[in-house]
1. Anything in segment 503-515 that is part of a strand (DSSP E or B) and within 22 Å of ASN157 (Cβ to Cβ)? List them, or say none.
2. Here is a check on your reading of the model: is ALA347 surrounded by 24 or more Cβ atoms within 10 Å (Cβ to Cβ) and either at pLDDT 95 or above or closer than 22 Å to ILE180 by Cβ (or both)?
3. Would segment 556-574 turn up any residue that is within 21 Å of GLY153 (Cα to Cα) and out of contact with any strand residue (DSSP E or B) (no Cβ under 6 Å at 6 or more places or on another chain)?
4. Restricting attention to segment 72-101, which residues are among the basic types (Lys, Arg) and more than 23 Å from the chain's Cα centre (by Cα)?
5. Yes or no: VAL33 over 19 Å from TYR235 (Cβ atoms), outside any loop (DSSP other than H, G, I, E, B) and at pLDDT below 95?
6. Restricting to segment 523-544, name every residue that is under 16 Å from the mean Cα position of the chain (by Cα) and in a loop (DSSP other than H, G, I, E, B).
7. Taking segment 438-463 on its own, how many of its residues are within 16 Å of ARG387 (Cα to Cα) and within 27 Å of the chain's Cα centre (by Cα)?
8. Scan LEU305, LEU336 and give me the residue that is of a type outside the set (Gly, Ala, Ser), part of a strand (DSSP E or B) and within 15 Å of ALA97 (Cβ to Cβ).
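The values are calculated or read from the model by the stated rules, or taken from the named source; none is laboratory data. Fair warning: this is a prediction, and the values are worked out from it, not measured in the lab. Neighbour counts are summed over all protein chains in view; Cβ atoms, including those assigned to glycine, are modelled from backbone coordinates with ideal geometry.
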Amino acid sequence: MSQMFRWAVALLLVVQTGCASAMAAKSEIPETVQTARREIWKRLSSGAASSATIAIMHKNRIIYSEGFGMRNREDSLPVRKNTQFNIGSISKIFTAAAVLLLVDDGLVNLDQPVTTYLPEFAASDERYREITVRMLLNHTSGLPGTNGKDAFGSQKNPSYVAETLEFLAAEGIKHQPGTISVYCNDGFTVAEGLIEKITGKSYAAFLNKRIFKPMHMKNSSCFFKDGNTNIALVYNTSTGLPKPVEYVSVMGSGGITATAEDLCRYANVLYRNRLFSDGSLAEYMKAQYGADTALGVLPGFNCGLGWDSVSAKRFADEGVTILAKNGGTQQFSSQLHAIPAHQLSVALIFAGEGVDVGNAIDEITQALLKERGIVTGTTAAAVAPTRGTIPEELLAYAGYYATGSEIFKIEFDVATSQMIVKSFADGVFTQKYALQYNTDGCFYQAALKLKPVSQGTTNYILGYKYDAGYVFAEGIATSAAEWSGEAFADRKWLYRNGSAYDFCLFPSQTGTISELPGYVYLKAMGTYMLCRLQSAEAAGMCVSHGRDILGISLLSSNGETRLKYGNFRFSDAKTIQLAVHGDTVTIGSLGDNEWRSVGSAAAFGCAPPAGSRIIILTSGFTRRYDSLFNGATPVSVEAGDYIGFMGKASDTFQIGLQ
């Protein structure tokens, strides 16, 4: 590092520190500001996030607002208060608000079937006719979860709503509509279509006219504003290069961009109502979760219309009601807290996928409540669990359980009074938790608290957080199998209809579990989804409380067997041709992706046509290279790798292997 560069960095730090100190000195909440900076910088310095923005509002006044990091590192441009970030699923509270505005206009009744307003809405299960508008917004519809194809990508997908309606028409429903709140993006996509159908306007135009402008949200829009360069870029932690700008086409569920200040301005609607009738505002703020969400226990997911929680349990225990909404995309993590009784709001957004935004904003909000004198900051000492002997009746809960993404085997060690939770991966069940039985009827390991319960003929493992409940796992019935599942056994699948701009592409594996005849699993992105066989070549959803669950089936296409999972189609990896130096690969008339396997280690090079994409997967299906994110080849490949070619019909790629 040159001496001149050291002086420049030092000067920049002095300027930044001076500005920060001045802001802290003027602030009416200096302790909260310090907490915010500490929590945000922890996540930035770890590399989890590229940048961040925060705002805190009291009544109609922003009392703290700050940007962190660079929105554009190449041009050394810092995050400003008007820098746009994707807010992900916080978008849901705007979709719910838009529907409530239509209720106030006399155009919608929350308790009428969706088909009343959107006749093209359908599913393969006739119970779809019972799904009401309210059920779309409180996650009780029973729809599968998320149409992931072309949902997050480097360009917009204007057909996403129509594609999702087509996708849902072929899918089932996982529980009786109205009974269980299971997080569901598809419901809000359907609501987006309903809004456009009723108004004759685009979702974006309706929000801009009826919400963004009235609430003075000048820096909020559907997608990033066209031509706006004041956006937070996200950076690859290994290369340091900016990732492609993210467009979230799951608009009604997660596609809005905004600033932390704008989110706080919107939260004003909860105590300075300028949008709704009194009745609609009351609907917006009350709990709306299904009665069986946590099997009769107060659920942690005590959702409202669009809100994750209308009374966040951690703060409810201190007598403070906070409405909370979290958001996460492939590149951003966000959360909003609104505190109506005290006319306060806190918004925090990180540029970075999977950043722990929830714990960060909880600490900041706690500091704010304490500094404002709303809470004392003291909590009652936790009562230590008292060990006991497992009652005989609980031993009947041993068996197999599943969620939407994990498969468990539950055992009990009577000698030690422990519940042993084993998780399935790579063909075996291995111990994940050993929880000690307590005389209150629950099992404990550190912060994890579980309790076996039953409802009807189904066993469940109920979990608790802040004494609010959630279904940790759902019991799986085992019996003699009518079908073997052999058609799905030990197979690897490569996607064939992935788009060159889609961020959500993933290879998959299917298999059987000897201990669970009649079931097969789909492994994707490290998760295991269990499905019950419905025929020798089709398997459907088998749990009601898991999110993002779909059936899988085998189809015949152009003389080969393909796997269908939602809107994705896959080819068996065993059928892939070997890559040969100098060969050309041409995308066919259907636009299907082409794949080649690698026979021996080499340097791979290829100049892809404009708008196309090359992906290289290892034999274990981890992504070695992606031209959308990693730039041009060459790249080293190993024996057993798979090279994927994506583009338009007739696009041609020439393979280089040296």
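1. SER508 - this is the single residue of segment 503-515 that is part of a strand (DSSP E or B) and within 22 Å of ASN157 (Cβ to Cβ).
2. yes
3. yes
4. Our first condition is that a residue be among the basic types (Lys, Arg); within segment 72-101, this holds for 73, 80-81, 92.
Correct list: ARG73, ARG80, LYS81.
5. For VAL33, the condition - over 19 Å from TYR235 (Cβ atoms), outside any loop (DSSP other than H, G, I, E, B) and at pLDDT below 95 - is not met.
6. Scanning segment 523-544 gives MET525, GLY526.
7. Residues in segment 438-463 being within 16 Å of ARG387 (Cα to Cα) and within 27 Å of the chain's Cα centre (by Cα): 7 in total.
8. Residue meeting the stated conditions: LEU336.
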